[in-house]
Amino acid sequence: MSDLKVTLVQTQLNWEDSAANLRMFDEKINSIQERTEVVILPEMFSTGFSMKSAQLAETMDGTTVQWMKKKAAEKNIILTGSVIIEENGQYLNRLIWMLPNGTYGTYDKRHLFGYAGEQDHYQPGDKRLIAQVKGWKINLSICYDLRFPVWARNNIQPDTNEPAYDILVNVANWPERRKTAWTTLLQARAIENQSFVIGVNRVGNDGNNIYHSGESSLIDPMGEIIYRKSHDEDVFTYTLQRERLDEVRKNIPFLKDADAFTILPKA
């Protein structure tokens, strides 16, 4: 299994202005000079974390998804981030995992942020999405999901005797006022799941005058911080080394001793 090159895009977002955000991300992705394989954008990257789901939602045939298809093909990358989607009369905070050939996977945010009333405007998801690229298994999650370790738990799979995933990705609009939770939980998820963890957050004030300091991070399976950026916009590319992951799991093989459990649907 080969190494994997990933790019984290930490940026300000234009509040509830999809066209402006897509132009901005066009420029930032075009600015990446080195070859990369996966480009990760923040939560609700085309609008900011808005509760105006009915006004801002697009379909899976809409402008933003079509832009993702075009950009992924043009740059020969996997492109991911979450978008406000309407489907079957429901509104979803949906992460899209867009491949260069135009096929995609989706993950609908499981844990809706009650403090902001997200559950009044969006429908929760009930299934994880673990994508695969170059032999790497990538568990995809959105913002508030990070607070719930059971949902992120990396179980040994009985059919393969291997961990369920190798990388946990979380895309977010996580406010600066709770940045200690953000940075601590990213490290905790890496340590307890023996996986690389990538958290991509926005910066700047949103339309509710809530400030985001970013703290986008890349953390290794021992919890060591490879990258963390505060306050400023940044486009950061890094090569994840499979050898490092295998070394940690071989030398400290504790995942096999973890408790077995089943996640039930929410009541």
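The numbers here are math on the coordinates, done by the rules we state, and not lab data. Note that the structure is a prediction, hence the values are computed from the model and not measured. Positions of Cβ are backbone-derived with ideal geometry, glycine not excepted, and every protein chain shown enters the neighbour counts.
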With a ≥ b ≥ c taken as the square roots of the eigenvalues of the C-alpha gyration tensor of the range 163-267, please select rounded if a/c is under 1.5 and otherwise prolate if a/b is larger than b/c or oblate if it is not?
oblate
Would you please give the residues with an amide H less than 5 Å from that of L129, counting only those at least 5 places away or on a separate chain, with H modeled from the backbone geometry?
L140
Please go through the range 1-49 and write out the GluC sites (Glu not before Pro) that DSSP classes as loop and that have at most 16 other C-beta atoms within 10 Å.
E34
Ranked from fewest to most other Cβ atoms within 10 Å of their own Cβ, R94, R35 fall in the order R35, R94
Could you derive backbone 3J(HN,Hα) for the range 163-168 from the dihedral phi with the Karplus parameters 6.51, -1.76 and 1.60 (θ = phi - 60°), listing whole Hz in sequence and x where the residue is Gly or Pro?
x, 5, 8, 10, 9, 9
Can you sort F113, F25, F236, F261 so the residue with the fewest Cβ neighbours within 10 Å comes first?
F261, F236, F113, F25
Can you list the HN-Hα couplings for the range 194-211, worked out from phi with the Karplus curve (6.51, -1.76, 1.60; θ = phi - 60°), rounded to whole Hz and with x for Gly and Pro?
6, 9, 5, 10, 10, x, 10, 10, 8, 10, x, 7, 9, x, 9, 6, 9, 8
Relative to the chain, whose Cα atoms define the longest principal axis, helix 18-30 and its Cα axis are tilted in degrees, nearest 10, by 50
For the range 4-257, Kirkwood radius (reciprocal of mean inverse C-alpha pair distance, Å)
18.1
Rounded to the nearest 10 degrees, the helix 179-193 long axis (Cα) sits at an angle to the longest Cα principal axis of the chain of 40
Considering only C-alpha atoms, what is the centroid distance from the range 213-251 to the range 36-64, in Å?
25
Computed magnitude of the charge dipole of the range 28-78 (debye, nearest 20; Cβ of K, R +1, Cβ of D, E -1)
120
Given Cα pairs under 8 Å that are at least 6 residues apart, what percent is the relative contact order of the range 4-257?
20
Degrees separating the helix 242-251 axis from the principal Cα axis of the chain, which is the longest one:
40
May I ask you to sort M60, M98, M44 by Cβ crowding, counting other Cβ atoms within 10 Å and putting the fewest first?
M60, M98, M44
Nearest 20 debye, what's the magnitude of the dipole of the chain about its Cα centre given +1 on Lys and Arg Cβ and -1 on Asp and Glu Cβ?
220
Percent antiparallel among DSSP beta bridges (both partners in the chain, rounded to 5):
70
Leading residue at positive end of dipole, the chain (Cβ point charges), from P149, Y91, I210
P149
Over 28 Å between C-alpha atoms is what I'm after, so list which of K75/K179; K75/K229; K52/K137; K69/K127 land there.
K75/K179; K52/K137
Each residue of the range 48-59 in turn: what ³J(HN,Hα) in whole Hz from Karplus with 6.51, -1.76, 1.60 and θ = phi - 60°, glycine and Pro shown as x?
x, 7, 9, 8, 8, 4, 5, 7, 9, 5, 10, 8
Check: C-alpha center the range 168-193 vs C-alpha center the range 81-119, spacing in Å is 19
